[in-house]
Amino acid sequence: MSQSTQLAITGAAGQIGYQLAFRIASGQLLGYGQPLTLRLIEIAPAMKALRGVAMELADCAFESLREVITTERLEEGFRGAEYVFLVGAKPRGPGMERSDLLTENARIFSRQGQALNEQADDRAKVLVVGNPANTNALLAASNAPDMNPRNFSAMTRLDHNRACAQLAARTGHHARSVERMIIWGNHSATQYPDLSQALVDGRTATALVDEEWARGEFLTTVQQRGASVIQARGTSSAASAASAAIDHMRDWAHGTRDGDWVSMAVPSDGSYGAPEGVYFSYPVRCADGAWEIVQGLELDEFSRDKIRITGDELVAERSAASQLDL
Ligand code: NAX
C-alpha cells in the first residue's frame with residue numbers, strides 16, 4: 001500500500017469542515033482511491049460533535065480513507081501534515097466590532113502558525129479560509145519562520161467561482177467556459193471582481209456584456225453574494241466554500257488549466273500597485289506545486305482605483321494586527 005497523504009483541517013466540526021472532510025475523503029482532492037489520513041482539529045466544546053463527524057466518515061467506508069485523527073491539540077493535528085486547511089475561526093458575535101474579530105483571530109492564527117512551524121511537513125501547503133482570511137494568512141505565515149511564506153495562501157476562490165457563475169449566466173454559457181476571471185485584494189466587501197481580462201468560450205467578455213453591468217450589478221452581486229446566501233439559507237455559504245477550498249488546493253498542487261488562471265491571495269510583491277507584504281488576491285498560474293502572479297495585464301483607471309481601495313484595507317488590517325499584544 002502506498003503511503004497515506006496527511007491532511008489537516010481546523011474547525012472540522014463546523015459547517016465548512018463538515019462538507020470539506022467528506023469531499024476530501026471521497027477522493028475529490030487527491031484522486032479516487034489515493035490513500036489519505038484526515039487530521040481533524042477542533043476546540044474543546046466541539047470535540048463531541050467532531051467525534052460524530054469521525055463516526056460518519058467511518059460509516060462512508062471510503063476507499064481512500066486510511067485513518068481519522070480527532071484532536072484539540074494543534075501539535076497532534078498538524079503532525080506531518082502536507083495539506084492544511086485553516087477553517088476554524090472565531091465568528092463575529094452580536095455586538096462584536098471588526099477590530100475584536102481581528103484580535104481574537106490574530107491570536108488563533110499566530111498560535112497555529114507556530115504549531116505548523118514545529119509539526120507540519122516543511123513543504124506543507126496551507127490554505128486559510130477562516131476570516132479575516134488574508135490577514136490571518138499573514139499572521140500564520142509570520143509565525144512560521146522555517147516555512148516559506150509562499151506556502152501560505154488565503155481563499156478568494158469562492159469569490160472567483162461566484163464571478164465566473166455570474167458572467168456565465170449573463171452570457172448564456174456554462175461556468176466552465178469562463179476563463180481569466182480575477183478577484184483582486186481582500187476577501188471582504190472591498191474585493192474587486194474584475195472581468196476585464198475574462199474570456200467566455202474564447203471570446204472577450206467585455207464585448208459580450210455592457211460596461212455598466214460589469215462595473216455595477218456584476219461587482220455588487222459578487223461582493224454581496226455571501227450575504228445573499230445567508231439571507232436565503234439562514235446560515236452562511238458552506239458547501240460552495242468547501243468546494244472552492246478543494247478547487248484552490250487542487251489547482252495549487254496539480255496546476256491551473258492551460259491558458260487559464262485562478263485567484264489566490266498570496267504574499268504581495270507590489271505587482272499592479274498593490275501594497276507589498278500583505279496577502280493580496282491576484283490572478284495566479286500554478287504548475288509543479290508552485291504559483292506565479294500573472295504579469296503584464298493592462299489595467300484601466302477604474303481597476304487601479306479599486307485595487308488601491310482594497311489594498312488600503314489590507315494595510316489597515318495589518319497595522320491593527322501589528323499593534324496587538326499576542
Ligand atoms: P462554523 O462556525 O460553522 O465553524 C467553525 C468551526 O471552527 C467551529 O466548529 C468552531 O468550534 C471551530 N473553531 C473555532 N476556533 C477554533 C480554533 N481555534 N481551532 C480549531 N477550531 C476552531 O463556521 P464555518 O461556516 O465553517 O466558517 C468557517 C470560517 O470560514 C469563518 O471564519 C467564515 O467567516 C469563513 N469563510 C470564509 C470564506 C472565504 O471565502 N475565505 C467563505 C466562507 C466562510 O464564510
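Here are a few things to note about the model shown:
- Met55 within 14 Å of the ligand (Cβ to nearest atom) and either surrounded by 19 or more Cβ atoms within 10 Å (Cβ to Cβ) or over 22 Å from the mean Cα position of the chain (by Cα) (or both): no
- The set of residues in region 39-69 being of a type outside the set (Lys, Arg) and in a strand (DSSP E or B) consists of Leu40, Ile41, Leu65, Glu67, Val68, Ile69.
Residue-wise test of (1) within 12 Å of the ligand (Cβ to nearest atom); (2) assigned by TED's automatic domain parsing to the domain that holds Gly130; (3) of a type in the set (Phe, Trp, Tyr).
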residue	(1), (2), (3)
Ala13	yes, yes, no
Tyr18	yes, yes, yes
Ala21	yes, yes, no
Ala61	no, yes, no
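- Enumeration of residues in region 75-131 that are under 13 Å from Ala141 (Cβ atoms) and of a type in the set (S, T, N, Q): Ser110, Gln112, Gln114, Asn117
- Hits in region 32-47 (condition: within 12 Å of the ligand (Cβ to nearest atom), of a type outside the set (D, E, K, R) and in contact (Cβ under 8 Å) with a residue 12 or more places away in the chain): Leu40, Ile41, Ile43, Ala44, Ala46, Met47
- Those helices (runs of 4 or more DSSP H) lying entirely in region 70-163 with at least 2 residues surrounded by fewer than 23 Cβ atoms within 10 Å (Cβ to Cβ) and more than 9 Å from the ligand (Cβ to nearest atom): 74-78, 98-119
- In the set His173, His187, only one residue is assigned to a loop (DSSP other than H, G, I, E, B), surrounded by 20 or more Cβ atoms within 10 Å (Cβ to Cβ) and not assigned by TED's automatic domain parsing to the domain that holds Ala12; that residue is His187.
- Unmet requirement for Gln197, which otherwise passes all of (1) surrounded by fewer than 18 Cβ atoms within 10 Å (Cβ to Cβ); (2) polar (S, T, N, Q); (3) under 23 Å from Ile307 (Cβ atoms); (4) away from the ligand (no atom under 15 Å from the Cβ): (1)
- Pro45 within 21 Å of Ala154 (Cβ to Cβ) and out of contact with any Asp or Glu (no Cβ under 8 Å at 6 or more places or on another chain): no
- Residue check for Ser237: surrounded by 14 or more Cβ atoms within 10 Å (Cβ to Cβ), within 11 Å of the ligand (Cβ to nearest atom) and in a loop (DSSP other than H, G, I, E, B): yes
- Within the set Ser243, Ser196, Ser228, the sole residue that is farther than 30 Å from Ser142 by Cβ, among the small types (Gly, Ala, Ser) and in a helix (DSSP H, G or I) turns out to be Ser228.
- Near pairs, Cβ below 9 angstrom, 6+ apart or cross-chain, from region 216-245 (on the phi > 0 side of the Ramachandran plot) to any residue that is at pLDDT 95 or above and of a type in the set (Val, Ile, Thr): none
The values are calculated or read from the model by the stated rules, or taken from the named source; none is laboratory data. In this text, all values refer to a predicted model and were calculated from it rather than measured experimentally. All Cβ positions, even for glycine, are placed from backbone atoms using ideal geometry, and neighbour counts span all protein chains on display.
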